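Working notes for the structure below.
The values are calculated or read from the model by the stated rules, or taken from the named source; none is laboratory data. Note that the structure is a prediction, hence the values are computed from the model and not measured. Don't worry about glycine lacking a Cβ; one is built from the backbone with ideal geometry, like all the others, and counts go over all protein chains shown.
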């Protein structure tokens with residue numbers, strides 16, 4: 001069985017400060033990991049994904065996440081946040097041959113001016 | 001290329017009624033998944049269709065059902081609505097047979113049961 005734990009339900013951070021959103025997963029097989037972002041009254045947008053290869057993956061808007069197999073983690077980081085980053089962030093996991101995603105409960109990031 | 005389209009965006013229904021939600025995937029995508037999002041339970045998987053076949057189903061009662069048509073469009077139906085069915089229902093489409101590629105989500109249908 002697969003599951004995802006997002007340890008922080010809410011993360012307030014000042015503008016231009018760094019942020020880390022934590023994600024731990026549980027799986028007995030090889031995994032694929034995703035971070036999605038959801039803005040109010042919107043669907044989910046893919047932020048970045050780890051499928052294989054380099055354990056450090058980056059998005060076009062400055063976010064990055066590192067796959068750590070030994071710690072079963074996939075934390076999301078950004079060195080300097082903007083007001084526009086205020087949203088809810090979901091970590092998700094799936095595995096080879098699977099056809100659905102398992103989501104964490106989400107972390108609401110609030111950037112304070 | 002058009003994204004995933006879900007209709008309607010908002011819906012208000014009365015307890016006991018039934019509802020049908022529609023999802024048009026991205027052109028060429030054959031996999032469609034449905035998720036229920038609520039403040040208490042988060043995002044929960046409902047079911048997934050690929051080439052008109054339901055391949056996987058989440059832990060939901062039989063009141064929740066779905067289908068996929070030959071053009072990959074999908075519908076989900078909820079019968080005998082309960083207050084707890086109030087949620088944002090999200091549809092996702094994918095080009096691959098498995099979910100190890102990007103799933104594209106629609107904007108969702110917000111269902112309110114009164």
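Against the conditions (1) away from chain B (no Cβ under 14 Å); (2) in contact (Cβ under 8 Å) with a residue 40 or more places away in the chain; (3) under 11 Å from the mean Cα position of the chain (by Cα), where does residue A:72 fall short? Just the number, please.
Single failed check for residue A:72: (3).
Quickly run through the range A:19-41 and pick out the residues that are in contact with a strand residue (DSSP E or B) (Cβ under 7 Å, 6 or more places away or on another chain), part of a loop (DSSP other than H, G, I, E, B) and either at pLDDT 85 or above or more than 11 Å from chain B (Cβ to nearest Cβ) (or both).
A:22, A:23, A:27, A:29, A:39
Tell me whether the range B:94-105 contains one or more residues that are touching a strand residue (DSSP E or B) at 6+ places or on another chain (Cβ under 7 Å) and more than 10 Å from every other protein chain (Cβ to nearest Cβ).
no
Tell me which of these residue B:72 doesn't satisfy, since it passes every other one: (1) buried (at least 17 other Cβ atoms within 10 Å of the Cβ); (2) within 14 Å of another protein chain (Cβ to nearest Cβ); (3) part of a loop (DSSP other than H, G, I, E, B).
(2)
This table checks each residue for (1) touching a residue at least 12 places away in the same chain (Cβ under 8 Å); (2) over 20 Å from residue A:44 (Cα atoms); (3) assigned to a loop (DSSP other than H, G, I, E, B).
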residue	(1), (2), (3)
B:15	yes, yes, yes
B:20	yes, yes, no
B:29	yes, no, yes
B:45	yes, no, no
B:55	no, yes, no
B:61	no, yes, yes
B:67	yes, yes, no
B:89	yes, no, no
B:110	yes, no, no
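Residues in the range A:95-105 that are at the interface with another protein chain (Cβ under 7 Å from one of its Cβ atoms), touching a strand residue (DSSP E or B) at 6+ places or on another chain (Cβ under 9 Å) and surrounded by fewer than 22 Cβ atoms within 10 Å (Cβ to Cβ): how many? Steps first, please.
Filtering the range A:95-105 for residues at the interface with another protein chain (Cβ under 7 Å from one of its Cβ atoms) gives A:96-101, A:103, A:105.
Still in the running and touching a strand residue (DSSP E or B) at 6+ places or on another chain (Cβ under 9 Å): A:96, A:98-101, A:103, A:105.
Applying the additional criterion that residues be surrounded by fewer than 22 Cβ atoms within 10 Å (Cβ to Cβ) yields A:96, A:98-99, A:105.
The total comes to 4.
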